[in-house]
1. Out of all the residues in the range 248-278, which are more than 18 Å from the chain's Cα centre (by Cα) and assigned to a loop (DSSP other than H, G, I, E, B)?
2. Filter the range 160-191 down to residues that are surrounded by fewer than 13 Cβ atoms within 10 Å (Cβ to Cβ) and part of a loop (DSSP other than H, G, I, E, B) and give me whichever is nearest to the chain's Cα centre (by Cα).
3. Determine, yes or no, whether Leu94 is modelled with pLDDT of 95 or more, closer than 17 Å to Arg177 by Cα and either under 17 Å from the mean Cα position of the chain (by Cα) or of a type in the set (Ser, Thr, Tyr) (or both).
4. Let me confirm something: among Arg69, Arg43, which residue is part of a loop (DSSP other than H, G, I, E, B), under 26 Å from Lys198 (Cα atoms) and assigned by TED's automatic domain parsing to the domain that holds Glu150?
5. Can you tell me which residue in the range 72-107 is farthest from Ile139 (Cα to Cα), limited to those that are assigned to a strand (DSSP E or B) and touching a Leu at 6+ places or on another chain (Cβ under 6 Å)?
6. Which of the residues spanning the range 20-40 are part of a helix (DSSP H, G or I) and either small (Gly, Ala, Ser) or surrounded by fewer than 18 Cβ atoms within 10 Å (Cβ to Cβ) (or both)?
7. Would you check if Asp126 is within 27 Å of Phe205 (Cα to Cα), assigned by TED's automatic domain parsing to the domain that holds Pro167, charged (D, E, K, R) and in contact (Cβ under 8 Å) with a residue 40 or more places away in the chain?
8. Ala157 versus (1) surrounded by 22 or more Cβ atoms within 10 Å (Cβ to Cβ); (2) at pLDDT below 95; (3) farther than 15 Å from Gln201 by Cβ: which is the lone unmet condition?
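The values are calculated or read from the model by the stated rules, or taken from the named source; none is laboratory data. In this text the structure is predicted, and so the values were computed from the model without any measurement. Here the Cβ positions follow ideal geometry from the backbone for every residue, glycine too, while neighbour counts run over all protein chains shown.
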Amino acid sequence: MSLPVTFTDLGVSADLASRLAEQGVNQPFPIQAATIPAGLAGRDICGRAPTGSGKTLAFGIPLVTRVSRAKPSKPRALVLAPTRELAAQIERALTPLAATRQRRVVALYGGVGFGAQLAALRRGADIVVATPGRLADLIERRNADLCDVEIVVVDEADRMADMGFLPEVRRLLDRVRPDRQTYLFSATLDGEIDVLVKRYQRDPFVHQVDVAAEEDRRQHLFWKTHKTERANVAAQIVIRHGSTVVFCRTKRGADRLARQLHQAGVSVAAIHGDRTQVQREKALAAFSGGRVQALVATDVAARGIHVDAVGCVLHFDPPEDEKAYVHRSGRTGRAGAGGTVLSLVTDDTAAAVKALQRALGFPTRTTAPDLSGPAVVLRPQSAERKPERAKPERAKRDWAAAAGTPTPRRKPDGRPARGLGRRTGQGRRSRPA
């Protein structure tokens, strides 16, 4: 019986292998074992693999190993990601490895101010992880220059295409030095993605993970549910499965469901495109830290949710197509782990779900909800208290003070007093003659 492959066997240096071991990462996943040697050898890499397969370290280890030290505002390595959350997740994963080699990693994304990001670029950001829009803004403002970039990673290129980012991605890649090393990872490699491969890669090492052939330990269920009962069924699912990511089609629908789950006694946070970056980070931190059991999200945020030990993915609204189903469902069962993927099917979505099942190779049937089995003990909602509302009278006084508006003084019995409660420079109001 052969011994398992180690990172050292793949050519990873002892210092990086030791840092990985400190994090509990001792054996490479299949995509890492396949692509790391090619990356370390300086080859372009074209990888097709599902979410949760270990792609970040697959490109991160060669990137950290080969990247040079950067000059101010001129990074030497660039990772493009479709969402803020994914960019932040990649930054967190690469920072410990980069520190081993005295390299700096900086994430650039919208939803936050420019100040801290500009300061980090001026100090010398060796590896920049960026969303296309924010990076393009910084280049236009002449705060960043890609002329020294020697390694480029385009992560989740298919999601870039779905979000309409590929034209911007191409403009950014055209700014990078022509002799760069290029890694491209995507769940699909057809259409626009194939154009990227042909235009920006040279004889790439191609590794394709056959998703259908991969051992899927997840349970895929389709429950027939009345539309008016969906929220109640969703609450029961969360109570029984614990950590659950719930997907809705619209931002308004996500907020509405979050309120309904809260009213049903489930601790919940919502994440979608209208939330500020601070709100999104707070929601993800609460979910990954176990302070809330349900994270209600839209598809825009789907690729940025990288949380281990998610017990269930609930499709409250059906996904747009089979690709979206795969991306959503990838939040659970990461790296071959088990999990449950549940879809709620109503009369008006039954036809679309049946087409989805055929495209995915699933049996075209639904079953009645099965809410038997032990329930997970939820944490008390006090961990995520709602912000206190100001009392009406206090709120009125606060607003008046902020607006510079005089507020009426009151007598001890509560009746309004004549004159003003405080000096405002306007004097006493005149009475009619």
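1. Once the filter is applied, which keeps residues that are more than 18 Å from the chain's Cα centre (by Cα) and assigned to a loop (DSSP other than H, G, I, E, B), the range 248-278 yields Ala264, Gly265, Val266, Ser267.
2. Of everything passing the filter in the range 160-191, Gly164 is nearest to the chain's Cα centre (by Cα).
3. Values: modelled with pLDDT of 95 or more: yes; closer than 17 Å to Arg177 by Cα: no; either under 17 Å from the mean Cα position of the chain (by Cα) or of a type in the set (Ser, Thr, Tyr) (or both): yes.
It is false that Leu94 is modelled with pLDDT of 95 or more, closer than 17 Å to Arg177 by Cα and either under 17 Å from the mean Cα position of the chain (by Cα) or of a type in the set (Ser, Thr, Tyr) (or both).
4. Within the list Arg69, Arg43, the selection yields Arg43.
5. Within the range 72-107, the first condition is being assigned to a strand (DSSP E or B), and the residues that meet it are 74, 77-80, 105-107.
Filter again for touching a Leu at 6+ places or on another chain (Cβ under 6 Å), leaving 77, 105.
On the way: Ala77: 15, Val105: 18 Å.
Among residues in the range 72-107 that are assigned to a strand (DSSP E or B) and touching a Leu at 6+ places or on another chain (Cβ under 6 Å), the one farthest from Ile139 (Cα to Cα) is Val105.
6. Taking the range 20-40 first, the residues part of a helix (DSSP H, G or I) are 20-22, 30-40.
Once the filter is applied, which keeps residues that are part of a helix (DSSP H, G or I) and either small (Gly, Ala, Ser) or surrounded by fewer than 18 Cβ atoms within 10 Å (Cβ to Cβ) (or both), the range 20-40 yields Ala21, Glu22, Pro30, Ala33, Ala34, Pro37, Ala38, Gly39, Leu40.
7. Details: within 27 Å of Phe205 (Cα to Cα): yes; assigned by TED's automatic domain parsing to the domain that holds Pro167: yes; charged (D, E, K, R): yes; in contact (Cβ under 8 Å) with a residue 40 or more places away in the chain: yes.
Answer is yes for this residue.
8. Status for Ala157: all satisfied but (3).
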